[in-house]
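Note sheet for the following structure.
The values are calculated or read from the model by the stated rules, or taken from the named source; none is laboratory data. What you see is a predicted model; the values in this text were computed from it and never measured. Backbone-built Cβ (ideal geometry, glycine too); neighbour counts: all protein chains shown.
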Amino acid sequence: MIDETELIQRFILHENCELMPYKCPSGYLTLGIGRNLEANPLTVEERKVCGDWQHGITKNAAFYLLRNDIKRVQRECQNNIPFFDKLDNERQYALLDMAFNLGITGLLKFKLMLEAIGVGNFNKAAEECLNSRYAKQTGKRAKRIAETIKTGKFTV
């Protein structure tokens, strides 16, 4: 897996860091670095760290939530994508990023893309990634992710 610091930087690039609760473009209540509070409510422990989150959180609390989200999404990918652990770090990252953004259920709807990745057809997988509503909605993010899937290299 890619170094945690690098993962955090990439998620900040795609999600930004908002210390006050806000509605994301899809209309979900969100906090910190892309934490969808409706799909992933704060745990008891996270509430202790974040305190009165309705009035904002600290940057440290945002990073804490992101680290928890990365662990959760990685577990979900490992449990739901049989070949996940066999992929190189960058392609694992691409799937993590998509699962973070879409939820594991949303990622698993990319059946043709995942099939192509599973057999090593990364060109086809990248095409499938870009041929989606996700790509239309996320623009540059989807292009970066598709290119990472295709080449095995992440570029900004």
Would you confirm whether or not region 44-57 contains a residue that is of a type in the set (G, A, S) and either at pLDDT 95 or above or part of a helix (DSSP H, G or I) (or both)?
yes
Could you tell me whether E4 is without any contact (Cβ under 8 Å) to a residue 24 or more places away in the chain and out of contact with any Ser or Thr (no Cβ under 8 Å at 6 or more places or on another chain)?
no
Any residue that is over 19 Å from G32 (Cα atoms), surrounded by fewer than 14 Cβ atoms within 10 Å (Cβ to Cβ) and in contact with an Asp or Glu (Cβ under 9 Å, 6 or more places away or on another chain) - is there at least one of those in region 69-80?
yes
Quick check: is even one residue across region 89-103 out of contact with any Cys (no Cβ under 8 Å at 6 or more places or on another chain), without any contact (Cβ under 8 Å) to a residue 40 or more places away in the chain and within 18 Å of A135 (Cβ to Cβ)?
yes
Note: among L66, L114, L37, just one is out of contact with any Asp or Glu (no Cβ under 9 Å at 6 or more places or on another chain) and surrounded by 15 or more Cβ atoms within 10 Å (Cβ to Cβ), namely L37
Test result for N60, more than 30 Å from K124 (Cα to Cα) and either at pLDDT 95 or above or not in a helix (DSSP H, G or I) (or both)
yes
Just one of (1) surrounded by fewer than 16 Cβ atoms within 10 Å (Cβ to Cβ); (2) within 15 Å of the chain's Cα centre (by Cα); (3) among the charged types (D, E, K, R); (4) modelled with pLDDT of 95 or more trips up E4, so point out which.
(4)
